[in-house]
Amino acid sequence: STISKNSLKASLLQLECHFTWTLLTEDVGLEALEQTIVDHIEFVKESSIVDYNILSYVCHLKKSNEEALRNLQKAEEAAQKYHPDEIARRSLVTWGNYAWIYYHMERYEEAQTYVSKVENICKKLSSTAHWKIQLPEIYAEQGWAFLRFGRKYFEKAKNCFENALKSEPDNPDFHAGYAIATYRLEDLAQRYGGEISQSLNALKRAVELNPNNTTIMALLALELQRLKQVNEGERYIEEGLKKTPDLPIFLRYAANFYRKKGYVDKAVEILKKALALTPSSVFLHHQLGLCYRDKIFQLKNRRNTEEEVENLIQLTIFHFKTVVKKKPVFFYAHGDLAKMYALAKRYEEAEETFQGVLHRKDLPCGDKQELYFQYGNFQCFQMNSKSKAIKCYIEGLKIEDDSCGRNKCRKAAERLLKQKIKSGLGDATDIGMLGLVHKLTGKKQEAIQCYKKAIVLDPSNEDYQNALCELQLSI
């Protein structure tokens, strides 16, 4: 009956589980995410409850609810195996997911059974009457889910682990999650501009509490490398290679460390080993592509390497194409692929790749600005069209979010326009465009000077008149 369905829905919304944490399909590549979790389950047994729970949610998003139920069963088995003394406490998220999946399958009786199960446990565990329980494990599990769903969620992930740590300040798992979230937020701030908070102390504490977790060790190494403490970083990488020589998630970071250090061959060797263990990992394909790209630039300046360079270009394109196909929301990789096509003189494919990604509705501003910058460079240096390049840079500038990409667009547009004007080839359009660049970046006085000059050269142009008026009024 509909009444029970409605009251059931109200109860379901009270549950703490993946279905109530607003994890949106459009923020991930489902295929790539599923593969990442499956690989993680194979290699990292102790987090299997959390992994099976999120895998069940991913299966549901892929419209396979039967498969989702099978994974929840595995989560229950993992709870019995690893936490026999607190099965109920460890199964709350699992049972919440069960309830939701049965609800979506229109098996309302079963859904209600799981809702009641959760309610009863919460009443036992919680002194308050309210059954939305704030257990640190649940905060942590939410944190791990947020980390899996990509960068829009990293800030939320950090908050979840902070909440979990309030109850258990020395819990190694919560510290690990907190350190990873902090590291990733710092990485984003580096890339897109923004508030940079250092993750060094969080990583050091997490390594102290998790001496066998080589993944965190590798992140600490990368952080030390970023802070120019390369030798200290490398000690952690070497220790990790001894402890877990066959752990793909560690190997990918170790390879990243060596690539950044300039040891590209060593990085390739490590990545090939990791790819043999997890052949579908998007991250490994991307890193291999970056390594081969680095090798191309190393070889390009030497003689007699044309054939080798040609082979490397084909390999790089193969790996980047794999990434874009398996994980369309890995936006950076689209730019990497387009630039490789350009290097291979496959200009039509480069053009298509840029156009394809720039027209996507789900492209975040920071990425869009970075891609407009790369597209502008392609127009400028490969297609020899400075006017098209300037248009691309200005498109990037029109997006007002502050980011590294926007800053690059500004510098590039200014450089080209000033060169043209200085050489005496600049007309009213170029001076007007420079005015627009200044206007978009808040340099009002410079913009006013440019528009005044443009109006002298082209007195009937209303756009310049209007822009000038608007600027003078805003001062």
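Here is how the numbers come out for the structure above:
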quantity	calculated
Computed over the chain, the ratio Rg/Rh where both radii use C-alpha atoms and Rh is Kirkwood	1.05
Helix-only CD estimate at 222 nm, as mean residue ellipticity for the chain, using -39500 (n - 2.57) per DSSP H run (n ≥ 4)	-24000 deg cm²/dmol
Chain lengthening between Val456 and Glu470 when straightened (0.36 nm per residue, less Cα-Cα)	3.3 nm
Solvent exposure of the chain as accessible area per residue, Å², 1.4 Å probe	49 Å²
Accessible-area composition of the chain, carbon plus sulfur, in percent [1.4 Å probe]	50 percent
Low-density loop positions, trypsin sites (Lys or Arg not before Pro), the stretch 292-401 - DSSP coil, at most 10 other Cβ in 10 Å	Arg302, Arg303, Lys345, Lys361
Local net charge near Lys166, Cβ-Cβ under 15 Å (Lys/Arg +1, Asp/Glu -1)	-4
Proximal charge balance of Glu155 [Cβ under 14 Å; K/R count +1, D/E count -1]	0
Packing-based order for 110-117, 137-144, using average beta carbon neighbours within 10 Å, highest first	137-144, 110-117
C-alpha center-to-center spacing [the stretch 238-303, the stretch 158-216] in angstrom	24 Å
Cleavage-rule hits (GluC sites (Glu not before Pro)) in the stretch 379-435: DSSP loop, at most 13 neighbouring Cβ within 10 angstrom	Glu400
19 Å tail of the calculated P(r), the stretch 5-133, as % of Cα pairs	49 percent
Sequence of Ser167, Ser126 from largest to smallest accessible area, 1.4 Å probe	Ser167, Ser126
P(r) of the stretch 119-277 over all Cα-Cα pairs, binned every 10 Å from zero, in whole percent	11, 34, 33, 14, 6, 2, 0
Relative contact order (%) - the stretch 270-356, alpha-carbon pairs under 8 angstrom, separation at least six	23 percent
Pairwise label distance in nanometres, Gln355 with Lys166, each label 7 Å out on the Cα-Cβ vector	5.3 nm
Kirkwood Rh in Å, taken over the stretch 427-474 so that all alpha-carbon pairs contribute	10.0 Å
Inter-label distance, nm, simple model (7 Å from Cα along the C-beta direction), Met383/Thr305	3.0 nm
Column: log10 I(q)/I(0), Debye, Cα scatterers of the stretch 319-397, q = 0.12, 0.16 Å⁻¹	-0.29, -0.52
Interchain or long-range residues, amide H under 5 Å from Val329's placed H	Gly29
Range of Cα positions in the stretch 79-121 per principal axis (Å), largest first	33, 18, 11
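The values are calculated or read from the model by the stated rules, or taken from the named source; none is laboratory data. Since we're looking at a predicted model, the values are computed, not measured. Please note: Cβ atoms are built from the backbone with ideal geometry, for glycine as well, and neighbour counts cover all protein chains shown. These area figures cover heavy atoms from the full protein model, side chains too; ligands, DNA and RNA do not enter into them. Shrake-Rupley method; radii C 1.70, N 1.55, O 1.52, S 1.80 Å.
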